[in-house]
Structures are given as C-alpha cells and as structure tokens.
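Visitor: So that we are looking at the same thing, I have put the structure below in structure tokens.
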Amino acid sequence: MCHRGDADKREFLLVTSRDTGRWIIPKGWPIRGLKSNEAALQEAWEEAGVRNSCATTDPIGSYTYNKRQSTGFEIPVETLVYAVEVEELSADFPESHQRTRKWVTAVEAADMVAEPELKAIFRDRS
C-alpha cells in the first residue's frame with residue numbers, strides 16, 4: 001500500500017490491473033531470496049515506478065481475492081499488505097505502458113478497489 005504525505009493530506013497510489021483495468025494496489029507473488037516486504041517493494045517498482053522507498057517490516061493487513069488463471073479457473077489468493085512510504089516515483093518503469101496510476105485519498109481508494117477486505121484497510125486509514 002504505497003502512500004505519501006502525512007495525516008489528513010495522506011494519499012495512496014493505485015494502479016490498474018493489466019487484465020481488467022480495475023483499480024488495485026501493486027502486488028505480486030513471493031520472490032525467492034527476498035523477504036515479503038522486500039518483494040512488495042520490487043512489485044511497487046515494477047507495477048507503479050516506486051523507487052528508493054521503505055516498506056514496513058510487518059504487514060499492516062491482508063485481503064483475499066480470486067486470481068483468474070489463463071485456463072479461466074479462479075484460485076483464492078491471500079495478499080499480505082505492507083505500507084510503503086513513497087520517496088521517489090519514476091515515469092519509466094517496467095509496466096508503465098500497461099498500467100495507469102493515480103494518487104487518491106483513503107476514502108477514494110476504498111470506493112475504487114473491489115475487494116471488501118482491502119476497502120476496510122483503506123477505511124481504517126481515513
């Protein structure tokens with residue numbers, strides 16, 4: 001969960017998914033050799049251009065969603081959410097041509113994402 005600013009001026013970074021274009025937070029699968037929070041930073045770079053930033057050591061929450069496979073089947077996935085304080089944002093990043101990104105308030109983010117548990121995490125920050 002990438003964020004910038006303090007208290008009532010805090011904003012959160014959402015990106016569009018590559019398949020459906022819905023609003024999500026940067027996320028991914030575990031990466032061999034990296035701790036979960038380090039993998040979160042790697043995904044924030046690849047999906048949103050977040051650079052030189054820090055992630056919390058422990059997750060701030062989790063949510064579940066159904067990941068659609070290329071076969072059409074869906075599998076349930078639990079996603080750990082780490083807070084990432086964004087220090088730098090690059091315009092050129094690996095998935096820059098596949099995603100749109102947007103800074104929004106916690107209330108706006110809760111309205112934009114689809115997953116109920118992720119909505120609740122955003123609402124807890126508003």
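Visitor: Taking every eigenvalue of the Cα gyration tensor of segment 40-103, multiplying by 5 and rooting it, what semi-axes result, largest first, whole Å?
Guide: The equivalent ellipsoid of segment 40-103 has semi-axes of 24, 18, 8 Å.
Visitor: Explain nothing, just compute: Karplus ³J(HN,Hα) = 6.51 cos²θ - 1.76 cosθ + 1.60, θ = phi - 60°, for every residue of segment 7-23 in order, whole Hz, x for Gly and Pro.
Guide: Each residue's phi maps through the Karplus curve to give 6, 6, 9, 5, 10, 10, 9, 10, 10, 8, 6, 6, 8, 9, x, 6, 7 Hz.
Visitor: Could you list the trypsin sites (Lys or Arg not before Pro) in segment 1-67 that lie in coil according to DSSP, counting only those with at most 16 other Cβ atoms within 10 Å of their Cβ?
Guide: For trypsin sites (Lys or Arg not before Pro) across segment 1-67 that sit outside H, G, I, E and B with at most 16 neighbouring Cβ atoms in 10 Å, the list reads 10, 18, 22, 32, 35.
Visitor: Further, regarding this structure: Given the rule -39500 (n - 2.57) for each run of at least 4 DSSP H residues, summed and divided by the residues of the chain, what is its mean residue ellipticity at 222 nm, to the nearest 500 deg cm²/dmol?
Guide: -6500 deg cm²/dmol
Visitor: Under a straight-distance cross-link criterion of Cα-Cα below 23 Å, which lysines are reachable from residue 119, leaving out those fewer than 8 residues away in the same chain?
Guide: 9, 27, 67, 102
Visitor: Also: For the chain, modelled as a GNM with alpha-carbon contacts under 10 angstrom, which of 49, 33, 21 fluctuates the most?
Guide: Comparing 49, 33, 21 in the GNM, the peak value goes to 33.
Visitor: Could you pull out every residue, at least 5 positions away or on a different chain, whose amide H is within less than 5 Å of the one on residue 61? Hs are placed 1.01 Å off N in the peptide plane, and Pro or chain starts have none.
Guide: 81
Visitor: Taking only the alpha-carbon positions of segment 2-123 and ignoring solvent, what does the Debye formula give for the base-10 log of I(q)/I(0) at q = 0.11, 0.17, 0.22, 0.23 Å⁻¹?
Guide: Treating every Cα as an identical point scatterer, log10 I(q)/I(0) equals -0.35, -0.87, -1.54, -1.68.
Visitor: Compute the length gained on full extension between residue 126 and residue 107: take 0.36 nm times their separation in residues and subtract their Cα-Cα distance, giving the result in nm to one decimal.
Guide: 6.2 nm
Visitor: Restricting to the chain, what percent of DSSP beta bridges are antiparallel, rounded to 5?
Guide: Beta bridges within the chain, antiparallel portion: roughly 85 percent.
Rule-based calculations on the coordinates, nothing more; no lab input. Quick caveat, the model's predicted, so the values are computed rather than measured. A quick note on method: Cβ atoms are made from the backbone with ideal geometry, for glycine too, and the neighbour counts reach across all protein chains shown.
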